[in-house]
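Input: a single structure, listed below in structure tokens.
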Amino acid sequence: FLFFPTASILLADTQGIRDNLLLTIVELETVSIQKKFPNILIVSVQEKRTVAFWCQDQDRCLALDKEGVAFKKAQVSSDFPVITSPVTEDALLAVLNFSKEMKRRSLLGNEAGVSSFGIVSENQIEASISEGWSIYFTKTQDLSWQIAKLQAVLESKVSPEKRGRLEYIDVRFGDQAYVKYR
């Protein structure tokens, strides 16, 4: 008190403790501290959840939280998208929604899947498909419309036999979807 140190729970700086914990332990998403008189502090923490991985190469990957912040080294699992370039929060949201919708609709069948995502520019995100071709989409337009165009192209213009020669499908522009073969 004043200039003398004290161990009183009344003077405990719970906001300072909370802020310190969040700064020191990057894996924490939230911290709450309650005073329980006469002499107990109850500290509750919630860890950040992995929503995607950011990888420089196969051996160096970091887990990303919902805001696109890397918070720990991680091993890649097929449960979450892999991103190979720096990502903003809105681009991450587009990647997560695209990935979720691709799985829900089973657009690529059982054998193929999205192997990674690259943020090419503000208006272009590249989904690299395990079969060796890509899908280009954008976060600046309606994602469900882009996926609907992709589904229509895959069902009507690109048979499974033609996928081996496919280079990319671009669904970024209006009512059009562009298909390029090698």
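The values are calculated or read from the model by the stated rules, or taken from the named source; none is laboratory data. This is a predicted model, so every value here is computed, not measured. Note that each Cβ is placed from the backbone with ideal geometry, even for glycine, and that neighbours are counted across all protein chains shown. Calculation scope for accessible area: heavy atoms of the full protein, side chains included, ligands and nucleic acids excluded. Shrake-Rupley method; radii C 1.70, N 1.55, O 1.52, S 1.80 Å.
Listed values, structure above:
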item	result
Pairwise FRET efficiency - THR140 versus LEU21, Cβ, R0 = 35 Å, nearest 0.05	0.40
Among SER116, VAL158, PHE137 the positive-end extreme of the charge dipole of region 90-164 (Cβ point charges)	VAL158
For region 58-106: rounded, prolate or oblate by the Cα gyration tensor [a/c cutoff 1.5]	oblate
Net length gained if the chain between SER130 and SER159 were fully extended (0.36 nm per residue, minus Cα distance)	8.8 nm
Modelled FRET efficiency - R0 22 Å, SER106 with SER78, Cβ distances, 0.05 increments	0.90
Per-residue ³J(HN,Hα) for region 164-179, Karplus 6.51 cos²θ - 1.76 cosθ + 1.60, θ = phi - 60°, Hz, x for Gly and Pro	x, 9, 6, 9, 6, 10, 10, 10, 7, 10, x, 8, 9, 9, 9, 10
Cross-link partners of LYS72 among aspartates and glutamates (Cα-Cα below 12 Å; sequence separation of 8 or more within a chain)	GLU27, GLU47
Cross-link partners of LYS73 among lysines (Cα-Cα below 22 Å; sequence separation of 8 or more within a chain)	LYS48
Gain on full stretching of the segment that runs from GLN34 to LEU10 - 0.36 nm per residue minus C-alpha separation	7.5 nm
Apportionment of accessible area to carbon and sulfur, the chain, percent (1.4 Å)	52
